[in-house]
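**Student:** One structure coming up, written as structure tokens, with questions to follow.
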């Protein structure tokens with residue numbers, strides 16, 4: 001396994017992880033600026049600001065390479081700062097079907113780069129926004145949504161998480177109709193080859209009994225969630 005994500009509270013190792021990563025900053029709960037700057041320095045080759053995510057970039061001193069969205073919730077001052085810092089602006093109309101995050105995903109796909117996607121500024125706020133962000137994220141070439149409080153890793157095969165600080169809880173979230181062959185060790189309630197269903201998500205609020213947690217999924221798309 002190669003190291004895929006590093007932060008001050010958790011390191012994650014995955015088989016065959018892509019070496020190039022792009023970090024999207026969305027307009028949800030703003031990550032702590034110090035955490036964000038550290039996370040980006042450890043993990044991101046490129047940073048994109050999605051609408052008001054530009055404010056989080058500015059606060060953390062991260063100059064985005066791309067600024068995208070309808071900018072209905074970004075301040076003019078933040079927009080001008082990003083453009084003056086060299087960001088390429090992709091402005092969309094406010095009246096549209098796709099969300100700003102979905103437009104950013106489409107733009108990244110058009111660039112034909114083999115980037116793995118990390119997302120922050122994605123938690124908090126309204127349920128419909130979180131639902132849209134989570135499933136848009138899950139359908140793309142994504143790896144992890146995270147801030148200093150929460151995180152979701154997409155597990156296609158297997159993963160090893162090393163916690164430097166024990167989380168409050170961890171959960172397994174079936175993001176496809178069925179996840180088969182699900183196993184997890186290093187927790188109070190382990191699983192071995194279980195089948196999880198999206199319409200009955202019961203494998204939640206587990207507890208670690210080790211600093212190292214191993215999780216695997218034979219088929220389906222599994223979300224590995226933690227909260228501090």
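**Student:** I need the helices (runs of 4 or more DSSP H) fully contained in the range 18-89, keeping only those with at least 3 residues that are closer than 24 Å to residue 113 by Cα.
**Tutor:** Values: elements: 33-43, 53-60, 76-84.
Where helices (runs of 4 or more DSSP H) fall fully within the range 18-89 and carry at least 3 residues being closer than 24 Å to residue 113 by Cα, they are 33-43, 53-60.
**Student:** Residues to consider are 200, 166; find the one that is surrounded by fewer than 21 Cβ atoms within 10 Å (Cβ to Cβ) and without any contact (Cβ under 8 Å) to a residue 12 or more places away in the chain.
**Tutor:** Numbers: 166 fails: without any contact (Cβ under 8 Å) to a residue 12 or more places away in the chain.
It is 200.
**Student:** Separate question: Pick from 134, 172, 154: which is part of a helix (DSSP H, G or I), in contact (Cβ under 8 Å) with a residue 12 or more places away in the chain and touching a strand residue (DSSP E or B) at 6+ places or on another chain (Cβ under 9 Å)?
**Tutor:** Testing whether each residue is part of a helix (DSSP H, G or I), in contact (Cβ under 8 Å) with a residue 12 or more places away in the chain and touching a strand residue (DSSP E or B) at 6+ places or on another chain (Cβ under 9 Å) leaves just 134.
Residue-wise test of (1) at pLDDT 90 or above; (2) out of contact with any helix residue (DSSP H, G or I) (no Cβ under 6 Å at 6 or more places or on another chain).
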{"residue": "2", "(1), (2)": "no, yes"}
{"residue": "7", "(1), (2)": "yes, no"}
{"residue": "49", "(1), (2)": "yes, no"}
{"residue": "58", "(1), (2)": "yes, no"}
{"residue": "82", "(1), (2)": "yes, no"}
{"residue": "87", "(1), (2)": "yes, yes"}
{"residue": "100", "(1), (2)": "yes, yes"}
{"residue": "106", "(1), (2)": "yes, yes"}
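Yes/no matrix, rows are residues, columns are (1) more than 28 Å from residue 165 (Cβ to Cβ); (2) free of Cβ contacts under 8 Å to residues at least 60 places away in the same chain; (3) surrounded by 13 or more Cβ atoms within 10 Å (Cβ to Cβ); (4) outside the structural domain of residue 135 (by TED's automatic domain parsing):
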site	(1), (2), (3), (4)
6	no, yes, yes, yes
29	no, no, yes, no
33	no, yes, yes, no
40	no, yes, yes, no
63	yes, yes, yes, no
95	yes, yes, no, no
99	yes, yes, yes, no
112	yes, yes, no, no
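The values are calculated or read from the model by the stated rules, or taken from the named source; none is laboratory data. As the structure is a computational prediction, the values presented were derived from the model and not from experiment. Heads up, the Cβs are rebuilt from the backbone with ideal geometry, glycines too, and the neighbour counts pull from every protein chain shown.
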